[in-house]
Amino acid sequence: MTGFVTDSKTQSVLQFPAEDAQGGAVLTPGRLAWRRFRRHRMAVAGTLIMAALLLYVIGGSFVWSESYANRTETGNRLAAPTLEHPFGTDAVGRDVLARTVYGGQISLLIGVSAVLVSLTFGVLVGALSGYYGGIIDSVLMRFTEAMFSIPSLFLLIVMSKFFGGRVPSFDVFGRTLSGSVIVIVGVIGLTSWMYLARLVRANFLSLKQRDFVLAAECLGVRNRDVIVRHILPNSLAPIIVAATLGVAGAILSEAYVSFLGLGVQPPTASWGNMLENAYNYLESAPWLWFFPGLFTVLTVLSINFIGDGLRDALDPRTLR
Amino acid sequence: MYTEHRPPRIRALVFALVLALLVTACAPAAPQGAAPEAAAPEASASSVATISFTQEPDSLNPLYTTMWFSGILTDIYLVGLWNFNDAVEPTLQLARELPSAENGGISEDGRVITVHLREDAAWSDGEPVTAADFIFTYEMIMDDRNMVLTRAPYDPYVESIVADGDYTLVITFKEPYAPWVSSIFNYVLPKHILAPVMEAEGTIDNAEWNRNPTVGVGPYVFTEWESGSHILFSRNENHWQQANIDRIFVRMTPDDAAQVAAIKAGDSDIGVYLSFADVPGLQELGTVSIIPTPSGFMEGFFFNVGENGHPALKDVKVRQALAYAFNRDQINQDLLLGLTGTPASPWDLSPFASPDVQPWPYDPEMAVQLLDEAGWVVGADGIREKDGVKLNLRYATNMRDVRLDTQVVAQDMFREVGIGVELINHPSDVFFAAYSAGGPIASGEYDIASWSSQPNAYPDPDTARWTCREIPSAENPVGDNWSYYCNPQLDELFDLQARTVDLDERIAIYGQIKQMMLDEMIWLGVWQDNDMYSVSSRLEGVRISGVDPFWNIADWMIK
Amino acid sequence: MTQYIVRRSLQAIPLLFIISVILFLLMSNMGDPLATLGGRQPPRGADRQRLERQMGLDQPIYLQYVYWLVGNDWRKVDTNGDGEPDTNGTRRGILRGDWGTSLVTRRPVLEMIWERLPNTLLLMGTVEVLVILIALGIGIYSALRQYSAADNVMTAFAFIGYSMPIFWAALMLMYIFAVNFKRWGLPYFPTVGMYDPAVGKTASQVIWHMVLPVISLSITYVAVYSRHIRASMLEVINQDYIRTARSKGLSNRSILWGHALKNASLSLVTLIGLDLPLLLAGAVVTERIFAWPGMGRLFLDHVERVDVPVLMGILMLVSVAVVVFQLLTDIVYTWLDPRIRYH
């Protein structure tokens, strides 16, 4: 989960030419980054919380089976937390604890997959457009603008309705998931890449007139290398900020889509649809929203703190 | 080298931005601030009852909407010949008496209905309401230039409607038509307002009156409609009965949880179409009473016995096993909080329900036995199979919360007897889409479908839903027999009841229909889908009817 | 520059065309407008068939699109159902100023949008101003005192606000400040709507009813904005020229206003330029919960009914606004950062 952000980003920094590493021979940029990251206390806290959440949703599935999480007991519905059901039971008597475990897997899966989709699109479109300019820029930006001109929640609703019910259920990691999971990942990914593209392009526009880029170009460095080795690392900060907010945003988007009745379909749980189901019991059964809500907030928070820490850590210009 | 020192610009930019936003923000506020004097002159002095709606009416001209939320409003500003009270009996409005064989209102062959109108009825602008208004209404419904939503029952059942003098209507049907009481002239249009529009524009589709029916006939008269916010009605001084409360404020509260919050905060006097789950929380308050109202809607399982359905469902034993395996009393007790019961037929809780037709009991052992008899044996994974086909059924429904909850409980129950169930959910606009629009249910892309159905002209029981001629196909793309069930014997009974005007005879025919449907198990009742209303203890005299909820709004009082 | 503006405006034409085609195709296939007609079960078959013809829904999608775009008054349509086209159509198409008629209310689309626009602008405009002011404060302060206790606390609060799904936060606020405050005898806010029917639509009523929705919306947006401002401020502050300015002895204040904020505002301008036109679209979830009669509600109510003419109207209006604002954003870019040039 955090893995993908940390790894891919540190990697590209590691490839970053050592010429402006200020730390001398001992400190590689990677180590420098790690040192800076460690100093960001909230980022470290975020990493720890995230690790704990991952342990919970993965470890939990060894303790409670999925069929237990889906088992109904209407005679014991809306029961407050007890020893048997530490997080209480929901409107059809299912164990909320077990459902937060399996729901968490789905929510995190949706968050990461959707951002992977949007990251791929956003960086590609933004980089090509900002660097090459001209006709490529025009075409790509018209396309971006076309997507952007449609408020994302509207597009999300329209696309969810369009694709909804067209994907059959499928198996992954031994779990049978409702096809709506795929629909939601695709739809969230395809409606959230435009901010990234715009931000990347704006940075490229600004950076490509900088001396070090002009120098690289004069030296005859290939376009691809100029983009990947010179400009991209220097635009990482906004990409990371946007991508981390993106994972959090995707998890929240899933909740919104659920709220509008177009989310992950039963019996598959997600934190989003658990929150939605709790919505009508806000006052009468607070345990229904408290746990999925707490986990959602913790996840979004820790992902953001991690992203924040990374931003400071990976920015070669930050001196700490 | 490029850092020019230009602070004024950035400051100007921020300033301009903020200013622009403030202007955007405040501009619309100004006219609104000025509006109230014009809109609500005697605002503070009057008594208001607030009704909250979760959906906004499409139109206030009943010609252009069949929406439930529009239909329940007409008793306020546009009454018809009669409406139905909380005992589901006709209560006279514009008619002077209910036509019957005894008073000569129904001809001997049952084809001609004669209605005498009350002579003291007037439109809210003082014009008398006469038979000409009714004839005009009929003409407007049948005119091709009007995009009318439904022509039932005039097309195809009515032969002619003529006036005999100013206050008598003679309605002739092509053949005896039993459902006339609940379907003719539930409303009437003001000819003196709309005829000039028809003349000028060739249609009344775009008439101003459709949205602002300032001239009506009813205890209240329409005052204003602010889209997305509210519709306001004020007492009609020209009505034969003066209403007690000065004004009725219908507020749109699209979110059901917010609607409940508004009721709890006392911001809404009448809550409409509440969800069952909200009932306990409202009852705790002590400031509102909950009125469960039978409305003819019955939630039930439709089994697809057609080509696209699971082959097992063609076997009546499998269908009966599904009925035995599904503990519907438990659903009613637990999920619906005991506010409902298990219906034996789609006509439960009506005069056409009979005590000798009882729902199938819950008996999983019988289910197992029937499935074994039918040749479906338990496979290695616990799911039954026959000739290599697994007994996995697609169970589809729409997005209503209690349906989704029922789905997962039913899934567990069916699993107990070795039936696998895959859950499918569609939003209503997909779920109810017709065969011609590729609707998944209409096209038979399901095995079990759960929805709530009501006879077309409730409280009349008439329906054609299970007849052979309604099976959808390329030739009949709008057919509504989505079970694909065909039984000529049943068709005959359905045709016979529609022509039988005598009530007792008709009830007897329904006894046969229900028994046949129960034995054949083509519809499995899950719960009586009563409508839930909340009424604030601030109000007195509110008697909600399942057909015309606000039929006695003129009698309502504020304590 | 003028040349650039003209060129961009011309480019907007194919852009809007593409958007309209994509949206029309998506939306025409996402459900059946005649499925229930707002009722609780499907209409009668005979009525349905007639309505399909009268509303033009029996035509192939491409033709429906052409009618939406340029109208059908040049072509005979079948009005009486005998299968023979007999009378000229009456629609003129959006290119000739006819936005069409709602399938649901039968009212002109433009009129329906026009009623909702002021309500949405009032709500969203207030939110935007409030959010920018608060976010500027938090963002700049956090950047200047990076990692201080205050920075951490503000960051934490901004994120907690952002992490709460707005529907949940909104209903929570409603329960606390409207339902329970009233129960406890404290001064309370109203639950839903724009004003109290017994009082009427006065400015103070509208403001009073706006408080909770504005807070709900601001909670989410402050985090997004303040994060971006903080990030770009930090980036600028750590650049050489700021250090140079500092070492030249310029005061913190003039560095902040003269250098840092100006350069950091690029990212803020991007954000605002993107967000302003979207304000027209309103807030789907918040407007629904607080029963605020804005554009988001209009969209949501009509998307459930597949009312394509209304949905197209809303989305095209927003699209045009986006095109205009992007142009403005680009112009502001060149003004803020002379390094950026458009050719």
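The values are calculated or read from the model by the stated rules, or taken from the named source; none is laboratory data. Fair warning: this is a prediction, and the values are worked out from it, not measured in the lab. Neighbour counts run over all protein chains shown; Cβ positions are idealised from the backbone, glycine included.
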Report summary line: B:W347 vs (1) crowded, with 21+ Cβ neighbours inside 10 Å; (2) more than 23 Å from B:R394 (Cα to Cα); (3) of a type outside the set (A, V, I, L, M); (4) in contact with a helix residue (DSSP H, G or I) (Cβ under 6 Å, 6 or more places away or on another chain): all pass except (4)
Query raised in the report: Is it true that C:L25 is within 29 Å of B:N476 (Cβ to Cβ), part of a helix (DSSP H, G or I) and away from chain B (no Cβ under 14 Å)?
Result: yes
Query raised in the report: When you look at C:T101, is it touching a strand residue (DSSP E or B) at 6+ places or on another chain (Cβ under 7 Å), crowded, with 17+ Cβ neighbours inside 10 Å, β-branched (V, I, T) and within 30 Å of B:A457 (Cβ to Cβ), yes or no?
Result: yes
Query raised in the report: Is it true that A:R210 is within 13 Å of chain C (Cβ to nearest Cβ), among the basic types (K, R), more than 21 Å from C:A156 (Cβ to Cβ) and surrounded by fewer than 20 Cβ atoms within 10 Å (Cβ to Cβ)?
Result: yes
Query - Condition check for C:V310: surrounded by fewer than 23 Cβ atoms within 10 Å (Cβ to Cβ), over 12 Å from the mean Cα position of the chain (by Cα) and not small (G, A, S) - result: no
Requested in this report: Mind counting the residues in segment A:34-89 that are away from chain B (no Cβ under 14 Å) and part of a helix (DSSP H, G or I)?
Outcome: 29
**Report entry** B:N206 vs. criteria closer than 30 Å to B:M557 by Cβ and in the same structural domain as B:L94 (by TED's automatic domain parsing)
**Finding:** no
Requested in this report: Among the residues of segment B:379-403, count how many are among the aliphatic types (A, V, I, L, M) and closer than 15 Å to B:F301 by Cβ.
Outcome: 3
Query raised in the report: Considering segment B:369-389 alone, what residues qualify as being surrounded by fewer than 15 Cβ atoms within 10 Å (Cβ to Cβ) and either among the acidic types (D, E) or under 25 Å from B:Q512 (Cα atoms) (or both)?
Result: B:E373, B:D381, B:D387
Query raised in the report: Hey, among the residues in segment B:308-330 that are assigned to a helix (DSSP H, G or I) and in contact with a strand residue (DSSP E or B) (Cβ under 6 Å, 6 or more places away or on another chain), which one's nearest to B:E520 (Cα to Cα)?
Result: B:R319
Query raised in the report: Does B:Y485 satisfy being part of a helix (DSSP H, G or I) and buried (at least 22 other Cβ atoms within 10 Å of the Cβ)?
Result: no
Report summary line: Checked segment C:93-115 for anything farther than 16 Å from C:L63 by Cβ, more than 24 Å from the chain's Cα centre (by Cα) and either part of a loop (DSSP other than H, G, I, E, B) or facing chain B (nearest Cβ under 9 Å) (or both); matches are C:R106
Query raised in the report: Here are B:M366, B:M399: which of them is out of contact with any strand residue (DSSP E or B) (no Cβ under 7 Å at 6 or more places or on another chain), surrounded by 15 or more Cβ atoms within 10 Å (Cβ to Cβ) and among the aliphatic types (A, V, I, L, M)?
Result: B:M366
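To keep it simple, each residue is scored yes or no on (1) surrounded by fewer than 24 Cβ atoms within 10 Å (Cβ to Cβ); (2) in a helix (DSSP H, G or I).
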position	(1), (2)
A:G165	yes, no
A:T176	yes, no
A:V187	no, yes
A:R198	no, yes
A:R201	no, yes
A:L205	yes, yes
**Report entry** Unique residue being surrounded by fewer than 18 Cβ atoms within 10 Å (Cβ to Cβ) and in contact (Cβ under 8 Å) with a residue 12 or more places away in the chain when the list is B:P280, B:P294
**Finding:** B:P280
Query raised in the report: Given segment B:151-245, what strands (runs of 3 or more DSSP E) lie entirely inside it while holding 1 or more residues that are farther than 30 Å from B:T54 by Cβ and within 28 Å of the chain's Cα centre (by Cα)?
Result: B:158-163, B:168-173
Report task. Determine which single condition B:S183 fails, assuming it passes every other condition in (1) out of contact with any His (no Cβ under 6 Å at 6 or more places or on another chain); (2) modelled with pLDDT of 95 or more. Result -> (2)
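Please specify each residue of segment C:321-343 satisfying the condition of being of a type outside the set (V, I, T) and either surrounded by 21 or more Cβ atoms within 10 Å (Cβ to Cβ) or part of a helix (DSSP H, G or I) (or both).
C:A321, C:F325, C:Q326, C:L327, C:L328, C:D330, C:Y333, C:W335, C:L336
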Requested in this report: Could you look through segment B:493-521, keep only residues that are under 22 Å from B:W180 (Cβ atoms) and acidic (D, E), and pick out the one that is nearest to the other protein chains (Cβ to nearest Cβ)?
Outcome: B:D495
Query - Close pairs from segment B:327-353: first within 20 Å of B:Q407 (Cβ to Cβ), partner among the β-branched types (V, I, T) and outside any helix (DSSP H, G or I), Cβ under 6 Å, at least 6 apart - result: B:R328/B:T342; B:R328/B:V526; B:D329/B:T342; B:N332/B:T340; B:N332/B:T342
**Report entry** Residue satisfying all of: in segment B:222-266; acidic (D, E) and in contact with a strand residue (DSSP E or B) (Cβ under 7 Å, 6 or more places away or on another chain); surrounded by the most Cβ atoms within 10 Å (Cβ to Cβ) among these
**Finding:** B:D246
Requested in this report: Among what's in segment A:83-119 and is of a type in the set (S, T, Y) and closer than 21 Å to A:S67 by Cβ, pick the residue that is nearest to the chain's Cα centre (by Cα).
Outcome: A:S107
Query raised in the report: Is it the case that C:W184 is surrounded by fewer than 18 Cβ atoms within 10 Å (Cβ to Cβ) and assigned by TED's automatic domain parsing to the domain that holds C:V127?
Result: yes
Report task. Quick one: which residue in A:I227, A:I231, A:I306 is more than 9 Å from chain C (Cβ to nearest Cβ), within 20 Å of the chain's Cα centre (by Cα) and among the β-branched types (V, I, T)? Result -> A:I306
Report summary line: Taking segment C:35-80 and keeping residues among the β-branched types (V, I, T), over 27 Å from B:P455 (Cβ atoms) and either assigned to a loop (DSSP other than H, G, I, E, B) or facing chain B (nearest Cβ under 7 Å) (or both) leaves C:T79
**Report entry** Candidates C:V318, C:V306, filtered to the one that is at pLDDT 85 or above, in a loop (DSSP other than H, G, I, E, B) and either not acidic (D, E) or not assigned by TED's automatic domain parsing to the domain that holds C:M194 (or both)
**Finding:** C:V306
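Matching residues to (1) at pLDDT 95 or above; (2) under 23 Å from B:Y154 (Cα atoms); (3) surrounded by 23 or more Cβ atoms within 10 Å (Cβ to Cβ):
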site	(1), (2), (3)
B:A45	no, no, no
B:F53	no, no, yes
B:D75	no, yes, yes
B:G110	no, yes, no
Report task. Mind counting the residues in segment A:237-267 that are surrounded by fewer than 23 Cβ atoms within 10 Å (Cβ to Cβ) and away from chain C (no Cβ under 11 Å)? Result -> 1
